[in-house]
Amino acid sequence: MYRKTAEELADFLRECPSVFHTAARIGRELEANGYERLRECDPWSIQPGGRYYTTRNGSSLIAFHLGTELTDYGFQIAASHSDFPTFKIKENAELEVRKQYTQLNTEGYGGMLCATWFDRPLSVAGRLIVKDNDRFTEKLVNLDRDLVVIPSVAIHMNRAANEGTAWNKQVDMLPLFGGGGIGRGELKRLAAQEAGVPESAVYGSDLYLYNRQQLSVWGEQKEFMSAPHLDDLQCAYAALRGFLEGYHEASVHVYACFDNEEVGSGTKQGAGSTFLYDVLRRIHLGLGRTEEDYYRAVSRSFMVSADNAHAVHPNHPEKTDPENCVYLNGGIVIKSHAGQKYTSDGVSIALFRELCEKAGVPVQFFANRSDMQGGSTLGNISSAQVSMNAVDVGLAQLAMHSAYETAGVKDTWYMVRAMAQFFSSHPGRQTIY
């Protein structure tokens with residue numbers, strides 16, 4: 001069961017080379033399970049028992065399944081994110097070097113481990129904005145071949161390479177695209193060809209590099225796996241599976257996958273936007289409920305913010321807290337932070353621990369060393385828009401923000417089971433307040 005889930009995750013990752021492909025892939029699975037797509041610009045007509053989803057920017061998605069006994073309902077929300085550190089290609093993409101090489105002009109997106117992007121086959125994926133008569137449409141593109149490489153400088157030319165190097169993204173991280181004489185606009189031409197549209201019809205684009213290496217299961221007992229962008233598509237996939245499996249008649253089940261977490265969530269489609277609030281309000285109004293009913297529903301609601309966590313590094317165990325530290329295949333990670341970079345508190349931890357007990361999956365606890373500053377995630381950012389009990393969880397991994405990250409084979413299955421239990425329960429009703 002663990003390895004089968006890992007194989008299914010591998011298929012999911014293969015189909016998600018960009019945030020836009022991820023939202024589209026999730027949308028296809030939702031529609032295959034009876035979910036109707038609603039556009040934000042259209043009127044919504046929803047019914048108890050109905051299944052729906054909507055997208056924003058083509059990169060964030062919220063799905064919801066309405067229970068059939070909604071007298072005193074709450075929102076049961078699982079949130080993750082679709083983006084990952086990479087390199088965005090600038091509008092004027094081609095750079096010529098001494099008439100012998102052509103590079104792609106890129107800039108960093110998010111806080112990646114730059115060194116892991118060197119000397120590996122990469123390609124380009126994203127979207128084109130295409131003019132079709134008097135309308136603009138979105139076309140997804142994936143130049144699905146080994147297209148570019150970011151070559152490292154040989155040790156003979158940089159004797160300090162193994163002594164710590166500061167990578168300059170405008171100098172060191174530009175991918176080699178081809179030989180000399182490639183004209184400006186060649187990448188756009190390739191992308192238009194892939195999308196099946198005339199080059200003249202392309203008016204805009206959002207294109208990114210991605211690592212071509214697929215998921216690998218390895219280790220003495222095949223207990224580990226490595227793949228690109230496990231942070232956070234591992235949780236996005238597991239939460240989706242649990243969302244599709246679970247059901248509680250007195251809940252509104254919500255699955256949210258936000259873009260732009262890696263750059264602060266402060267966009268129209270990020271967790272810091274009104275996207276979640278707007279969807280919850282429209283659900284509530286669509287059910288014909290009052291303003292007072294909405295606030296009561298939120299008070300009975302619960303959010304699980306799912307984003308991966310740092311495992312103890314075998315070479316550097318001193319980087320983690322001596323007791324509140326986590327390991328691959330050790331189960332779901334509950335994350336806490338005194339400064340509320342993680343939104344977990346005693347109440348939400350207790351509610352989620354009980355869910356995991358019922359699901360029969362192990363839990364472990366993570367806190368940063370007190371003398372080290374850690375990252376944050378989308379739980380507390382979302383709560384600034386819609387305030388409810390929330391817990392930050394994740395799955396343990398090594399090499400977070402590497403081009404090729406590592407996790408435990410068992411843990412995806414653990415998260416699927418916990419999320420299915422979550423959506424089959426109503427923990428918001430158990431609040432002590």
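In summary, the convex hull built on the alpha carbon positions of segment 1-115 has an orientation-averaged projected area of 12.2 nm².
Put a plus charge on the Cβ of each Lys and Arg, a minus charge on the Cβ of each Asp and Glu, and nothing anywhere else: the dipole of the chain about its Cα centre is then about 460 debye.
For segment 319-389, the equivalent ellipsoid derived from the alpha-carbon gyration tensor has semi-axes of 20, 19, 9 Å in decreasing order. Considering only protein heavy atoms and a probe of 1.4 Å, how much of the accessible area of the chain is carbon and sulfur, as a whole percent? Reported share for carbon and sulfur atoms: 47 percent. Rolling a 1.4 angstrom probe over the protein heavy atoms with all chains in place gives the chain an accessible area of 43 Å² per residue.
Can you check what the net charge comes to around Arg369, using other residues whose Cβ is under 10 Å from the Cβ of Arg369 (Lys, Arg +1; Asp, Glu -1)? Walk me through the intermediate numbers first.
Details: positive: Lys319; negative: Glu318, Asp321, Asp371.
It works out to a net charge of -2.
For segment 265-281 and segment 24-96, what is the centre-to-centre distance using only Cα atoms, to the nearest Å? A separation of 12 Å, based on Cα centres. Neighbours of Leu113, meaning other residues whose beta-carbon lies under 15 angstrom from its beta-carbon, give a summed charge of -2 when Lys and Arg score +1 and Asp and Glu score -1. Counted over all Cα-Cα pairs of segment 256-358, pairs farther apart than 24 Å make up 44 percent. Between Leu285 and Leu176, the contour length at 0.36 nm per residue exceeds the alpha carbon distance by 34.0 nm.
Provide the net charge surrounding Lys139, with neighbours chosen by a C-beta distance below 10 Å and charges set as Lys +1, Arg +1, Asp -1, Glu -1. Spelling it out: positives minus negatives among the neighbours equals -2. Here the mean projected area of the convex hull built on the C-alpha positions of the chain is 22.5 nm². How far, in degrees from 0 to 90, does helix 230-245 lean away from the longest principal axis of the Cα atoms of the chain, to the nearest 10? It is inclined by approximately 40 degrees. Over the chain, with a Gaussian network built from C-alpha contacts below 10 Å, which listed residue (Ser336, Ser251, Ser216) shows the highest mean-square fluctuation? Result: Ser216 has the largest fluctuation of those listed.
The values are calculated or read from the model by the stated rules, or taken from the named source; none is laboratory data. Owing to the predicted nature of the structure, the values given are computational and were not obtained by experimental measurement. Cβ sites come from the backbone with ideal geometry, for glycine too, and all protein chains shown count toward neighbours. Ligands, DNA and RNA are excluded from the accessible area calculation, which covers all protein heavy atoms including side chains. Shrake-Rupley method; radii C 1.70, N 1.55, O 1.52, S 1.80 Å.
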